[in-house]
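One structure is given here, and the rest of the page talks about it.
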Amino acid sequence: MKKLVILGAGTAGTMMASHLRKKLSKSDWEITIIDQCKPHYYQPGFLFLPFDTYKPEDVKKSIDEFIPKGVKLIREKIDVIDKDSDTVVLDDGKKFKYNILILATGTKTAPGEVAGMLGEYWYKSIFDFYTYEGALALRDKLRLWKGGKLVVHITEMPIKCPVAPLEFAFLADSFFIKKGMRDKVDITYVTPLSGAFTKEKCTTALTYLLNDKNIKIVPDFAVEHIDGANGKIVDYGGEEVPFDLLVTIPTNMGDELMARSGIGNELNYVPTDKNTLQTKVKENIFALGDCTDVPASKAGSVAHFQAEILTENILLYIKGKELKPDFDGHANCFIETGHGKALLIDFNYEFEPVKGKFPFAGIGPLNLLTESRLNHWGKLAFRWIYWNMLLPARKLPFITPKMSKSGKNFN
Amino acid sequence: MEKVYAGKTVGVDKEGYLTDLSQWNAAIAMEIAKEEGVELTAKHFEVLSYLQDQQRKEVALSIRSIGKSGVVDIKQFYELFPKGPLKIASKMAGIPKPKSCI
Ligand SMILES: Cc1cc2nc3c(=O)[nH]c(=O)nc-3n(C[C@H](O)[C@H](O)[C@H](O)COP(=O)(O)OP(=O)(O)OC[C@H]3O[C@@H](n4cnc5c(N)ncnc54)[C@H](O)[C@@H]3O)c2cc1C
């Protein structure tokens, strides 16, 4: 019996378990998936928790609901990977030998990386919404907040779902208008990038949104420390931005397991071939989702495209054939713009987001890079698709892992 | 696109970043520095040559990784190349504009 072990039962690990259990014969391959967590969170829903749009139960289910039959789920913290002996060691000392290892341990916030972020003011005037706890603490704060300076802030790149902070700013604008207190709130968006979006084409096409919503932007800001007592964030160049309420995206880092195993980069991301998804650590170790260093968006949609390609490559690897360099960096994201509207962007390693129609050339029905109500419904439908289509690895109709160029205006 | 720096014609992209590192020399770096309002010292050149080494090794650069390089810490990096140091330093080093990927 050969052994395939998957580390992490979040979005990417669960999808891989679903794909591979369908493809690998049960008499030849034992599949094990390991995770320390009980709940499986729908992380894109964290964006809506602070505004009371989603309830906690909308975003939280149990991990084991999604692990397919015939896959063994182990609930324990992973201590270390010993690549030389092809062994994974858990916190309780148990060891698992593997023939093939798949890394899917994701990325998480590390608020301890910036001086003054964690401490007295954490969850009092400084919040994150990238964790379940943070999103709920912020919800409680917003329910009672009387207004003042709201600063939405990205600490450093890369972060997962890079558009989420901007969406937060847009939704906050809507939220305060609805509460009849927008005139009491000043919204500033502070980013280490040179513009609001990570992609230049987006910045050019969409900066009007910030102006329309009266959101100020402070670009090129690399935070050095946070002064909670005086309510300001300070950058390495000495620039200061004052806040009454700071909503920050802390540094995102891969799990420390990678540092303990000596296989991560300075942010604990695992060096991985950006097209085949084989790691540079060892030929029988593969990685997908947020835990890799590939220069693609860290997003669930990306993990979905990667899972289809990696499944094929694992089958090729087992047959001793050459891997296909098929992952092209394809990402596909809805961006909430507030007031019941959203944008949709589609891009890859090579092409920036462009205008056009999706998924059918010329027909749509979704418009790329243009605000619409339909896109907003698309974003809300994504939650259903996530639980019912993505995690069980059902084929999504019409959407291919490689980016389609038809129906798009590339000039 | 092409541009003349210090009497030498070099290939550049639309934002003025060199497209071929092998065309780079110290005089070019000094002219770009002047455009950016920075006076280059030996320490600046130490950083530029570190960036070039990383580029040749195809290692993606970040402010954090430079802070851990042992060449400069982040604070010094900002003092040497104020405001958006990675972008400015990359331009002077003759390497492509850092991709804030994603
Ligand atoms: C606020 C927010 C909004 C988002 N919005 C969108 C969106 O609109 N669209 C989109 O496509 N994506 C979105 N994302 C991103 C998306 O949620 C992630 O990209 C996706 O979940 C990544 O999947 P993953 O499997 O790589 O990591 P995860 O789903 O985070 O799973 C990693 C798992 O590994 C486990 N693990 C890690 N280390 C260990 C260890 N040492 N021992 C045991 N277990 C371990 C963890 O417990 C976890 O269950 C959003 C994310 C956030 C935070």
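The values are calculated or read from the model by the stated rules, or taken from the named source; none is laboratory data. The shown structure was predicted, so the numbers you read here are calculated from the model rather than taken from an experiment. Cβ placement follows ideal geometry from the backbone for every residue including glycine, while neighbour counts extend to all protein chains displayed. Ligands, DNA and RNA are excluded from the accessible area calculation, which covers all protein heavy atoms including side chains. Shrake-Rupley method; radii C 1.70, N 1.55, O 1.52, S 1.80 Å.
Scanning segment A:155-167 for residues that are among the charged types (D, E, K, R) and within 13 Å of the ligand (Cβ to nearest atom) turns up A:160, A:167.
Rundown of residues vs (1) of a type in the set (D, E, K, R); (2) free of Cβ contacts under 8 Å to residues at least 60 places away in the same chain, yes/no style:
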| position | (1), (2) |
| --- | --- |
| A:251 | no, no |
| A:261 | no, no |
| A:266 | yes, yes |
| A:271 | no, yes |
| A:279 | no, no |
| A:286 | no, no |
| A:295 | no, yes |
| A:298 | yes, no |
| A:306 | no, no |
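Checking segment A:182-202 against the condition returns a match, with at least one residue being over 22 Å from the mean Cα position of the chain (by Cα), under 19 Å from residue A:159 (Cβ atoms) and assigned to a strand (DSSP E or B). Candidates in segment A:25-47 are the residues that are in contact (Cβ under 8 Å) with a residue 40 or more places away in the chain and more than 9 Å from the ligand (Cβ to nearest atom); of these, the one that is farthest from the chain's Cα centre (by Cα) is A:26.
Out of segment A:244-266, which residues are at pLDDT 95 or above, within 14 Å of chain B (Cβ to nearest Cβ) and assigned to a loop (DSSP other than H, G, I, E, B)? Before you say what the answer is, go through the steps one by one.
Let us first name the residues in segment A:244-266 that are at pLDDT 95 or above, namely A:244-264.
Add one more test, that the residue is within 14 Å of chain B (Cβ to nearest Cβ), and what stays is A:249-254, A:259, A:264.
Hits for segment A:244-266 are A:250, A:251, A:264.
Scanning segment A:137-153 turns up no residue that is of a type in the set (A, V, I, L, M), over 19 Å from the mean Cα position of the chain (by Cα) and not assigned by TED's automatic domain parsing to the domain that holds residue A:243. Exactly one residue among B:50, B:17 is open to solvent by less than 60 Å² (accessible area, probe 1.4 Å) and away from every other protein chain (no Cβ under 14 Å), and that residue is B:50.
Among A:52, A:64, A:92, A:79, which is more than 19 Å from the chain's Cα centre (by Cα), part of a strand (DSSP E or B) and surrounded by fewer than 20 Cβ atoms within 10 Å (Cβ to Cβ)?
On the way: A:52 fails: part of a strand (DSSP E or B); A:64 fails: part of a strand (DSSP E or B); A:92 fails: part of a strand (DSSP E or B).
Exactly one of A:52, A:64, A:92, A:79 is more than 19 Å from the chain's Cα centre (by Cα), part of a strand (DSSP E or B) and surrounded by fewer than 20 Cβ atoms within 10 Å (Cβ to Cβ), namely A:79.
Residues of segment A:208-240 that are more than 14 Å from chain B (Cβ to nearest Cβ), open to solvent by 50 Å² or more (accessible area, probe 1.4 Å) and either farther than 22 Å from residue A:112 by Cα or not in a strand (DSSP E or B) (or both): A:208, A:211, A:212, A:214, A:216, A:217, A:229, A:230.
Could you say which residue among B:92, B:1 is touching an Asp or Glu at 6+ places or on another chain (Cβ under 8 Å), modelled with pLDDT of 95 or more and either open to solvent by 40 Å² or more (accessible area, probe 1.4 Å) or away from chain A (no Cβ under 14 Å) (or both)?
Working: B:1 fails: modelled with pLDDT of 95 or more.
After applying the criteria, what remains is B:92.
Number of residues in segment A:368-380 that are open to solvent by 50 Å² or more (accessible area, probe 1.4 Å) and either aromatic (Phe, Trp, Tyr) or assigned to a strand (DSSP E or B) (or both): the value is 1. Of the residues making up segment A:383-395, just one is surrounded by 14 or more Cβ atoms within 10 Å (Cβ to Cβ) and either at pLDDT below 90 or of a type in the set (Val, Ile, Thr) (or both), namely A:385.
Quick one: in segment A:105-124, of everything that is touching a Leu at 6+ places or on another chain (Cβ under 6 Å) and open to solvent by less than 50 Å² (accessible area, probe 1.4 Å), which residue is nearest to residue A:88 (Cα to Cα)?
Restricting attention to segment A:105-124, the residues satisfying the condition of being touching a Leu at 6+ places or on another chain (Cβ under 6 Å) are A:105, A:111-112.
Keeping just the survivors that are open to solvent by less than 50 Å² (accessible area, probe 1.4 Å) gives A:105, A:111.
On the way: A:105: 13, A:111: 28 Å.
Among them, the one singled out is A:105.
Quick one: is residue A:309 more than 14 Å from every other protein chain (Cβ to nearest Cβ), in contact with an Asp or Glu (Cβ under 6 Å, 6 or more places away or on another chain) and farther than 17 Å from residue A:158 by Cβ? Yes: the conditions hold for residue A:309. Residue A:316 satisfies every condition listed in (1) among the hydrophobic types (A, V, I, L, M, F, W, C); (2) over 19 Å from residue A:254 (Cβ atoms); (3) touching a residue at least 60 places away in the same chain (Cβ under 8 Å) except (3). Residue check: residue A:9 meets all listed conditions (1) more than 14 Å from residue A:78 (Cα to Cα); (2) within 16 Å of the ligand (Cβ to nearest atom); (3) of a type in the set (Gly, Ala, Ser) but one, namely (1). Restricting attention to segment A:152-181, which residues are on the phi < 0 side of the Ramachandran plot, assigned to a loop (DSSP other than H, G, I, E, B) and away from chain B (no Cβ under 14 Å)? A:179, A:181, listed by residue number.
Can you say whether residue A:48 is among the aromatic types (Phe, Trp, Tyr) and in contact with a Ser or Thr (Cβ under 8 Å, 6 or more places away or on another chain), as far as the supplied structure shows?
On the way: among the aromatic types (Phe, Trp, Tyr): yes; in contact with a Ser or Thr (Cβ under 8 Å, 6 or more places away or on another chain): no.
No; evaluated as a whole, the condition is false for this residue.
Got a sec? Which of A:127, A:170 is within 28 Å of residue A:264 (Cβ to Cβ), of a type in the set (Phe, Trp, Tyr), touching a strand residue (DSSP E or B) at 6+ places or on another chain (Cβ under 9 Å) and within 14 Å of the ligand (Cβ to nearest atom)? Spell out how you get there, then give the answer.
Details: A:170 fails: within 28 Å of residue A:264 (Cβ to Cβ).
Exactly one of A:127, A:170 is within 28 Å of residue A:264 (Cβ to Cβ), of a type in the set (Phe, Trp, Tyr), touching a strand residue (DSSP E or B) at 6+ places or on another chain (Cβ under 9 Å) and within 14 Å of the ligand (Cβ to nearest atom), namely A:127.
Could you tell me whether any residue of segment A:137-148 is within 16 Å of the ligand (Cβ to nearest atom), in contact (Cβ under 8 Å) with a residue 40 or more places away in the chain and surrounded by 22 or more Cβ atoms within 10 Å (Cβ to Cβ)? Looking through segment A:137-148, at least one residue is within 16 Å of the ligand (Cβ to nearest atom), in contact (Cβ under 8 Å) with a residue 40 or more places away in the chain and surrounded by 22 or more Cβ atoms within 10 Å (Cβ to Cβ).
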